[in-house]
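The values are calculated or read from the model by the stated rules, or taken from the named source; none is laboratory data. What you see is a predicted model; the values in this text were computed from it and never measured. Heads up, the Cβs are rebuilt from the backbone with ideal geometry, glycines too, and the neighbour counts pull from every protein chain shown. Side chains included, ligands, DNA and RNA excluded: accessible areas come from the protein's heavy atoms. Shrake-Rupley method; radii C 1.70, N 1.55, O 1.52, S 1.80 Å.
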Amino acid sequence: LTNYYCWNRDINKNDKSRWIDCRDKRTKGQSTNGFVKTVMSSNVNTPQEVKKLGLSIEMSITSNPEDFLMKIGLDAVCQIGLENQSIGNLFSEKEQVKIIGEIRTLLNNDLFKNYPNIEELHITIMAQASFIMRFGADFNQNHFPSVIKIYHFENQKYPWCFNVSPNKTDVEYSVL
């Protein structure tokens with residue numbers, strides 16, 4: 001078991017510049033329901049043609065899913081967000097686990113069924129470190145594509161990524 005602490009970087013909040021214990025925080029009712037949209041490449045005519053699917057998980061700040069699609073060369077991007085996005089908006093372990101469950105359900109019940117020929121999953125996450133750690137721990141599933149790339153998002157660019165795959169012991173790093 002791991003207890004996560006996050007450094008609160010939001011200088012406009014009362015808890016600014018201090019460590020926040022993510023246990024036992026009350027939820028704010030955050031949910032991804034109603035905040036999911038998919039962007040398709042103009043080169044893709046049917047869902048069966050989608051081989052490279054991107055997930056743009058936007059919990060704290062927004063990005064541009066069309067930009068992610070174009071810069072990485074994806075067939076489709078699913079943008080997943082929240083109604084109230086801000087830095088330091090997700091310190092509750094309970095809320096993080098709930099949102100990760102929603103994303104897992106979206107993948108398993110919708111995306112993997114709607115796009116049955118996915119070979120690569122490309123992920124970028126705009127959220128605090130505790131959320132990212134919980135997300136990674138929850139998504140080690142054997143039915144995922146054999147290629148999974150996790151991108152760093154900085155200054156509207158994707159400068160590097162980790163290449164991870166289910167059932168592999170090594171992780172590769174790529175500079176883009």
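Odds and ends about this structure:
- Within segment 6-28, considering residues that are closer than 29 Å to CYS78 by Cα, touching a Lys or Arg at 6+ places or on another chain (Cβ under 9 Å) and open to solvent by 100 Å² or more (accessible area, probe 1.4 Å), the one modelled with the lowest pLDDT: ARG9
- Those residues of segment 84-105 which are in contact (Cβ under 8 Å) with a residue 60 or more places away in the chain and either open to solvent by 30 Å² or more (accessible area, probe 1.4 Å) or in a loop (DSSP other than H, G, I, E, B) (or both), in sequence order: SER86, ILE87, GLY88, ASN89, LEU90, PHE91, SER92, GLU93, LYS94, LYS98, GLU102
- Flag if ASN109 is exposed (fewer than 14 other Cβ atoms within 10 Å of the Cβ), closer than 19 Å to CYS6 by Cα and either at pLDDT below 95 or over 14 Å from the mean Cα position of the chain (by Cα) (or both): no
- Scanning segment 19-67 for residues that are under 25 Å from ASN155 (Cα atoms) and of a type in the set (A, V, I, L, M) turns up VAL36, VAL39, MET40, LEU53, LEU55, ILE57, MET59, ILE61.
- Enumerated strands (runs of 3 or more DSSP E) restricted to segment 115-176, each holding at least 1 residues that are closer than 14 Å to LYS71 by Cα, open to solvent by less than 30 Å² (accessible area, probe 1.4 Å) and of a type outside the set (Gly, Ala, Ser): 120-126, 147-151, 160-164
- Beta carbons closer than 7 Å, at least 6 apart along the sequence or on distinct chains, pair a first residue in segment 32-43 that is in contact (Cβ under 8 Å) with a residue 24 or more places away in the chain with a second that is part of a loop (DSSP other than H, G, I, E, B) for THR32/LEU82; PHE35/LEU82; PHE35/GLU83; SER41/LEU74; SER41/ASP75.
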